[in-house]
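In what follows, a single structure is set out as structure tokens and then discussed.
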Amino acid sequence: MKSLFVILAAEEGHEPSPLAVEWIEVVLALVVFGLLFLAIWKLVAPNFEKTFSERTAAIEGGLAAAETKQAEADAKLAELEAQLADARHEAARIREEAREQGAAIIAEMREQAQAEAGRIVEHGKAQIEAERQQAVTSLRAEVGSLATSLAGRIVGESLDDDARQGRVVERFLAELETGTPGAN
């Protein structure tokens, strides 16, 4: 179907104008555009709106969940920080108790060492005293024997009698201890 202008222009011997409008094509294009617009509006647009509303709801739900999780994380962080502070205080308390126990143990060990040293000194003194007594006894016996022998030579009489010898030795030692030998 050729346009009326095209036919008229062809009859007059003119070439058709490129700007000439075919009205039937314009009407047909408007009808097709209207049908397409109506189909998109009724079929495609509701699906887009549904998808957009689902995405909006999902995003808003995600944001709400994220805010909830963030609040939970903040609460958990505060709880963990409080536990950490408590643990630090507990560790400091335990260290202080350990220091005190260490000091008490050291003091107790010193006390035990001093008691042991005192006991060793006392035992040493007792042993020295016993050895001194033994030496004095041994020395008395030896001095007595020597004195008896010497006295027997001086006197010219034998002092083999044990009772007499004992009396002479005791008297001699008594005089030695008082510092007045030969006074009798």
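If you stretched the chain out fully between I105 and V21, how much longer would it get, using 0.36 nm times the residue separation minus the C-alpha to C-alpha distance?
Additional length available on full extension: 18.8 nm.
Would you mind calculating the gained length between L38 and E131 on full extension (0.36 nm times residue separation, minus the Cα-Cα distance), in nm to one decimal? Provide the component values of the computation, followed by the final result.
Values: separation 93, 0.36 × 93 = 33.48 nm, distance 13.35 nm.
20.1 nm is the gain from fully extending L38 to E131.
How many nm separate the modelled label positions at V121 and R167, each set 7 Å beyond the Cα in the direction of the Cβ?
The modelled label-to-label distance comes out at 4.8 nm.
Each value in this text was obtained by applying a stated rule to the coordinates, not by laboratory testing. Note that the structure is predicted; figures quoted are calculated from it, not measured. Heads up, the Cβs are rebuilt from the backbone with ideal geometry, glycines too, and the neighbour counts pull from every protein chain shown.
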